[in-house]
1. Of the conditions (1) more than 11 Å from ligand 1 (Cβ to nearest atom); (2) under 21 Å from residue 31 (Cβ atoms); (3) part of a helix (DSSP H, G or I), residue 118 satisfies every one except a single condition; which number is it?
2. If you take the residues of segment 101-120 that are in contact with a Pro (Cβ under 7 Å, 6 or more places away or on another chain) and not β-branched (Val, Ile, Thr), which of them is farthest from ligand 2 (Cβ to nearest atom)?
3. For residue 98, which of the numbered conditions (1) away from ligand 1 (no atom under 15 Å from the Cβ); (2) buried (at least 16 other Cβ atoms within 10 Å of the Cβ); (3) part of a helix (DSSP H, G or I) fails to hold?
4. Looking only at segment 102-113, count how many residues are free of Cβ contacts under 8 Å to residues at least 60 places away in the same chain and surrounded by 17 or more Cβ atoms within 10 Å (Cβ to Cβ).
5. May I ask you to list the residues in segment 108-127 that are out of contact with any Gly (no Cβ under 7 Å at 6 or more places or on another chain) and either modelled with pLDDT under 95 or not charged (D, E, K, R) (or both)?
6. When segment 121-139 is examined, which residues are found to be within 15 Å of residue 21 (Cβ to Cβ) and buried (at least 16 other Cβ atoms within 10 Å of the Cβ)?
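The values are calculated or read from the model by the stated rules, or taken from the named source; none is laboratory data. Everything quoted here is computed from the prediction, not taken from an experiment. When we count neighbours, we look across all protein chains shown, and the Cβ atoms used for this are built from the backbone with ideal geometry, even at glycine.
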Amino acid sequence: LLKSSTRMTDAHERSFIMVKPDGVQRGLVGEIIKRFEQRGFKLVAMKMVTPQRALLEQHYEEHKGKKFFDPLLSYIGSGPVVAMVWEGLNVVSVGRKMLGATDPAKSEPGTIRGDYAIVTGRNIAHGSDSDKSAKREIDLWFRADELANWTNFSSKRRRVSL
Ligand code: GDP
Ligand code: MG
């Protein structure tokens, strides 16, 4: 009874976050990692890659046919990008809030895009928009053995004898 009335939360939720080529060029990789770390999320995978077109066609398949599709793929494909997986409670929705609106003109100050970007075509970073997208994107960008299985002991309230 208690279980069914308790809101289900998943502390192991994961999101795919990518620093786009403009974020890398502008030296914002550390800043973006810092924000996710300090918010309390756990980094479980990270790599710098120049993504192949086939990967990007799948990653952005929902936008196929739109006028910005080809410029978008050229831009992201120019690389390198920093692809990451972050884990924690509500990381997908909180991650989207931390990124800010797609169009930086509409992103609130304090968000990544709101602090560092001006135009939609160069908006610094990507974040999964749903749990389903996150799973799809993580599978696309990472092999299972590239995801680290580790415990953040400093975030646990436990007594450690030294
Ligand atoms: P996101 O989920 O906030 O990244 O936004 P979308 O999924 O709608 O779009 C994916 C990415 O395509 C955006 O982050 C932008 O980099 C790019 N994009 C979206 N709309 C436009 C547009 O109208 N013009 C251009 N140049 N790029 C766009
Ligand atoms: Mg999107």
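1. (3)
2. In this case the residue turns out to be 115.
3. Going through (1) away from ligand 1 (no atom under 15 Å from the Cβ); (2) buried (at least 16 other Cβ atoms within 10 Å of the Cβ); (3) part of a helix (DSSP H, G or I) one by one, residue 98 breaks only (1).
4. Start the filter on segment 102-113 by keeping residues that are free of Cβ contacts under 8 Å to residues at least 60 places away in the same chain, which leaves 102-111, 113.
Checking the rest, the ones that are also surrounded by 17 or more Cβ atoms within 10 Å (Cβ to Cβ) come to 104, 107, 111, 113.
Residues meeting the conditions: 4.
5. The first filter runs over segment 108-127 and keeps only residues out of contact with any Gly (no Cβ under 7 Å at 6 or more places or on another chain), leaving 109-110, 115-123, 126.
109, 110, 116, 117, 118, 119, 120, 121, 123, 126 - these are the residues of segment 108-127 that are out of contact with any Gly (no Cβ under 7 Å at 6 or more places or on another chain) and either modelled with pLDDT under 95 or not charged (D, E, K, R) (or both).
6. Those that are within 15 Å of residue 21 (Cβ to Cβ) and buried (at least 16 other Cβ atoms within 10 Å of the Cβ): 122, 123, 124, 125, 126.
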